[in-house]
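Heads up: the structure comes next, in structure tokens.
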Amino acid sequence: MATPSALHSFLRPSGPGVVELVLAHPIGVTEVAVGTVEAGVIELRSIAVSLTPTASPVTELRRRIEARGDELSFELHVAMEGVEPLSHVRSRLACE
């Protein structure tokens, strides 16, 4: 059994500057997203979201991952039924 914070995912190149993400969240959500890779930035937007009967009513996910010098940043926006995408997680990892 996965730990509550574990995600299982695959990031697949699908053409020049294009990637696909297939992801299973431990909260009962699965996601397929497509996006772009350009100049150290990956931007992804879900094209399909599936839910188990007890999952939160997530309708859309958007991610931005950026590598700049010695810094890696991540942003996740989540939309739910009746709610536009809102910032859900932001993180930054820097080498010092």
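The values are calculated or read from the model by the stated rules, or taken from the named source; none is laboratory data. None of these values were measured; they are calculated from a predicted model. Methodologically, a virtual Cβ is constructed for each residue, glycine included, from the backbone with ideal geometry; neighbour enumeration extends over all protein chains shown.
Close contacts from region 29-48, counting a first residue that is within 26 Å of Glu81 (Cα to Cα) and in contact (Cβ under 8 Å) with a residue 24 or more places away in the chain and a second that is among the hydroxyl-bearing types (Ser, Thr, Tyr) and assigned to a strand (DSSP E or B), with Cβ to Cβ under 7 Å and a gap of 6+ residues or different chains, come to Glu31/Ser46; Ala33/Ser46. Taking region 74-96, which residues are within 24 Å of Val29 (Cβ to Cβ), of a type in the set (D, E, K, R) and either surrounded by 14 or more Cβ atoms within 10 Å (Cβ to Cβ) or modelled with pLDDT under 95 (or both)? Within region 74-96, Glu75, Glu81, Glu84 meet the criteria. Against the conditions (1) at pLDDT below 95; (2) loosely packed, with under 11 Cβ neighbours inside 10 Å; (3) not basic (Lys, Arg), Ser9 satisfies every one except (2).
When we screen Ala24, Ala79, Ala39, Ala67 for residues that are under 19 Å from His8 (Cα atoms) and of a type outside the set (Val, Ile, Thr), the only hit is Ala24. Please tell me if Leu23 is more than 23 Å from Gly69 (Cα to Cα) and surrounded by 12 or more Cβ atoms within 10 Å (Cβ to Cβ). Answer is yes for this residue.
The residue that is farthest from the chain's Cα centre (by Cα), counting only those in region 14-28 that are part of a strand (DSSP E or B) and touching a residue at least 12 places away in the same chain (Cβ under 8 Å), is Ser14. Taking every residue in region 54-70 that is under 25 Å from Val37 (Cβ atoms) and pairing it with any residue that is in a loop (DSSP other than H, G, I, E, B) and hydrophobic (A, V, I, L, M, F, W, C), at least 6 positions away or on another chain, the pairs with Cβ-Cβ distances below 7 Å are Asp70/Cys95. Please work out if Pro53 is of a type outside the set (A, V, I, L, M) and in a loop (DSSP other than H, G, I, E, B). Against the criterion (of a type outside the set (A, V, I, L, M) and in a loop (DSSP other than H, G, I, E, B)), Pro53 qualifies.
Residues in region 71-82 that are of a type in the set (A, V, I, L, M, F, W, C) and touching a residue at least 24 places away in the same chain (Cβ under 8 Å): Met80 only.
Against the conditions (1) loosely packed, with under 15 Cβ neighbours inside 10 Å; (2) within 16 Å of the chain's Cα centre (by Cα), Glu71 satisfies every one except (2). Just to be sure, is Ala33 surrounded by 11 or more Cβ atoms within 10 Å (Cβ to Cβ), at pLDDT 95 or above, in contact with a Pro (Cβ under 6 Å, 6 or more places away or on another chain) and not charged (D, E, K, R)? The answer is no for Ala33.
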